[in-house]
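Some notes on the structure that comes next.
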Amino acid sequence: MNSQFLAPVDKLATDIPGFDLVTLGGLPRGRTTLVAGTAGSAKTVFAAQFLAEGILHSQEAGVFVTFEEPPDDLRRNMASFGWPIADWERQGLWRFVDGSIQAHDDDHVVGQYDLGGLLVRIEHAVTSVNARRVSLDSLGAIFNRLHDGDTVRHELLRISVALKRMNVTSVLTAERTSEYGDISRHGVEEFVADNVVILRNALEDEKRRRTIEVLKYRGTLHQKGEFPFSVTPARGVTVIPLSAIELKQRSSNLRVTSGNPDLDGLCGGGFFRDSVVLVSGATGTGKTLLTTEFLAGGVNSNERCLLLAFEESREQLFRNAIGWGVNFEEMEAEGKLKVYCVYPETASLEDHLITIKDLVAEFRPHRVAVDSLSALERVGTIRSFREFVIGMTSFIKHQEITGLFTATTPTLTGGASVTESHISTLTDSIILLRYVEINGEMRRGITVLKMRGSMHNKDICEFTIDGCGLHVGKPFRNVVGILSGNPHMIAASEIERLDELFRNP
Amino acid sequence: MTHADVLRLVLYVTGDTTRSAAAIANLQEIQKLLNGQCEITVIDVLEHPELAEREKILATPTLVKVSPPPLRRLIGDLSDQALVVSLLDLGGGFTVPKQSIQRL
């Protein structure tokens, strides 16, 4: 058959974490991609990381054409991400083309010119290291230096064509003036418009939120919309691909203990492995205790457990656990437990998520407990928080880990929290701990609201806490309105009358 | 005039284009204006990309005044010869009579 069809656009895996998922494979191979963003949107990091990941993962050499920061500054700044650029230069894996402003440059223009010198230097660098990847950072700087916009635009088009001819995959960065406005200053997108990726660093509720969006991928598919990303010292840009997470985690029929025999009973024989359990309750209802028992139960059945604590310090947690007869220190010494305590405010939600993923990858726990998820609510915007919860829940499920998250309700009795409304559909089980006020006395009630794939006890049972832990007692028989936060007693005769209502004639 | 004071100019061009030719012709005119008192080197960056890299040439043609100080770099085909001479910052010895500029 005479093939008249051109090969579809092939993609080059960039190996920038998460980016290849959002772009369904990476950057279009052999083409130029414009990466546009406002000041401080991590364009330079992205451009440098594109080359660095190529060197780290596939020994692909790269050429970095800089118009803004001098090479020395770049070598120093990028060292903080763990990229030894000077070493790579010696190994012939990285080459700079320095187009940054020089001390003696005042660029007097006398007559017509082109950017032939630059083009020759790029070609020379590409052939000398046999580069597969090229980054130009940033186009705006060259417009500012040479003033003649039309000539520069025309010349950049020539360079863009030449880059394609050299069969390198390239990233060109450009400035934007606003987060939701023109694609770029100087209209550079008009000549390198095959592909446009936008980096944003928007201010929402006094908090910075970084997102990345693939605006245009000519002739090939990509994920739509904005995806959060983070810039961390250890690895640079990490994109968090939310909707790219597939709903294909395995589910197991294997039961594991909740660490509390009474609660196992309520749940119909314990939690499922690979399930995520949400424990919701007001402050002081026993969420941390339930978390402690969940971890102790895991360690006692020889599982590795990870505790992510956002509310209490290590010392507090350890002391409380001792109070219930659980020795966290000993468990940590045996390598069965890892306790990670941090104030929510120390990092953005995206950074927390990356840290958590790193911890899980490193420690490979069977169980993860988060106490409490609600503490993280105040760090980001509602949208960031929702994305964080989705990202973490799906990640934990993918790893086939039993997860237990706690959520604090804002009111003492009854109530639901923002955390719950985001997470309730994602979790497999929900356990409610509620205060019940009866005759001027605060008592506590526990109920299993939801238990995916299993029968469970539907009663609201009273529970007590003592030095040995949590004990589930009898169901509240003559109290109604516990979950609505307005419990009141009803007479025994009334219960009988209600029973009559549902009895078959 | 000492050796260091000799006016040395290096012209970077890209290949054998009309723009390159214009720049070279203009520079020769300027040499005449200066009574031949300058040394000119023309470098084709296509043949010597490493020299373009060393001098960090972006635009071509670029004229570099190597000596005497101050170092100067001019971009373009040098069509405005009077402007070129004034930008070269040659000091008293090299001022071009106004009449001769107008004659060009």
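Read-outs throughout are calculated quantities, based only on the coordinates presented, and are distinct from any laboratory measurement. What you see is a predicted model; the values in this text were computed from it and never measured. Cβ coordinates were reconstructed from backbone atoms using ideal geometry, including for glycine residues, and neighbour counts include every protein chain displayed.
The table that follows gives values for the structure above.
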| read-out | value |
| --- | --- |
| Average beta-carbon neighbours from other chains, 10 Å sphere, peptide B:42-49 | 3 |
| Peptides A:78-84, A:154-160, A:430-436 ordered by average Cβ neighbours within 10 Å, highest first | A:430-436, A:154-160, A:78-84 |
| Within 10 Å of each Cβ in B:55-67, the average number of Cβ atoms from other chains | 6 |
| Hydrodynamic radius (Kirkwood) for the range A:3-243, which is based on Cα pairs only, to one decimal in Å | 18.2 Å |
| 29 Å Cα-Cα reach of residue B:32 towards lysines, excluding residues that sit fewer than 8 places from it in its own chain | B:56, B:65, B:98 |
| Partner lysines for residue A:224 [C-alpha distance under 16 Å; skip if fewer than 8 residues away on the same chain] | A:216 |
| Net length gained if the chain between residue A:252 and residue A:471 were fully extended (0.36 nm per residue, minus Cα distance) | 76.1 nm |
| Pair residue A:87, residue A:314: separation of 7 Å Cα→Cβ label points (nm) | 3.0 nm |
| Amide proton proximity set for residue A:136, modelled H, under 5 Å, gap of 5+ | A:65, A:171, A:172, A:173 |
| In range of the label at residue B:50: residues from the range A:123-140 whose backbone nitrogen is under 17 Å from the point 7 Å along Cα→Cβ | A:123-130 |
| Theoretical gain in end-to-end length, residue A:450 to residue A:478 [0.36 nm per residue, Cα-Cα removed] | 7.8 nm |
| Average beta carbon contacts from partner chains per residue of A:117-127, 10 Å cutoff | 6 |
| Relative frequency of Cα-Cα separations exceeding 48 Å in the protein assembly as shown, percent | 37 percent |
| Total lysine pairs under 16 Å (Cα atoms) in the range A:255-501, excluding pairs fewer than 8 apart on one chain | 4 |
| Segments A:288-298, B:42-52, A:264-274 sorted - mean Cβ within 10 Å per residue, highest first | A:288-298, A:264-274, B:42-52 |
| Highest-first arrangement of A:366-373, A:10-17, A:136-143, A:325-332, where packing means the average Cβ count within 10 Å | A:366-373, A:136-143, A:10-17, A:325-332 |
| The range A:95-172 versus the range A:13-76: alpha-carbon centroid distance in Å | 17 Å |
| Label-point separation, residue A:167 to residue B:32 (7 Å along Cα→Cβ), nm | 5.0 nm |
| Using θ = phi - 60° and Karplus 6.51 cos²θ - 1.76 cosθ + 1.60, couplings along the range A:427-435 (whole Hz; Gly, Pro as x) | 8, 8, 9, 10, 10, 9, 10, 9, 6 |
| Chain A: DSSP helices with Cα axial extent of at least 18 Å and average Kyte-Doolittle hydropathy no lower than -0.5 | A:43-58, A:116-129, A:149-165, A:287-300, A:349-363, A:382-398 |
| Sum of -39500 (n - 2.57) over DSSP H runs of 4+, divided by residues of chain A (222 nm, nearest 500) | -9500 deg cm²/dmol |
